[in-house]
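Chemist: Before I ask anything, here is the structure I am working with.
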Amino acid sequence: MSFKITSTAFKEGESIPGRYTCDGRNVSPPLAWMGVPPGARSLALIADDPDAPGGTWVHWVVYNLPAGAAGLPEATSPDAEVEGGGRQGRNDFRRIGYGGPCPPSGTHRYFFKLYALDSALDLKPGATKAELLEAMQGHVLAETQIVGKYKRS
């Protein structure tokens, strides 16, 4: 079975419903995954928008999720510690937890990238994407992603 991430809220390449954006409830979408490779000790998730005017905008950073976790529920609490295990980092809205799509103009793509790692990471809650990427170097066993799109009406 290959490593794969999905969402019941949107399919690959399709629109992210408004409830998961700044125009709605601004809660995280439900995510599920399967096929975590043997030897994985933790999982990390980065959600970002490469189409942002000033460069890639980070919407969500999560790490040290248990390798046995099957996903994240809708409206994951913005607490530093994830219920069931894991930690959340700081997004580019300067908050811990999820910050939904809110593009200033046009249609943007939102990448939800999941990484299987061979170890847990020595990162405190509130780490940035850059800190996470640095800590993950040499520990990535596999990665997968799902991409959604959003345009404000």
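Each value in this text was obtained by applying a stated rule to the coordinates, not by laboratory testing. It should be emphasised that the depicted structure is a prediction, and the values quoted were computed from it without experimental measurement. Quick reminder, even Gly has a Cβ in these numbers, built from the backbone with ideal geometry, and neighbours come from all protein chains shown.
Chemist: Mind checking which residues of region 143-153 are among the charged types (D, E, K, R) and exposed (fewer than 15 other Cβ atoms within 10 Å of the Cβ)?
Modeler: Within region 143-153, 151 is the sole residue that qualifies.
Chemist: Within the group 92, 49, which residue is among the charged types (D, E, K, R) and under 19 Å from residue 144 (Cβ atoms)?
Modeler: 49
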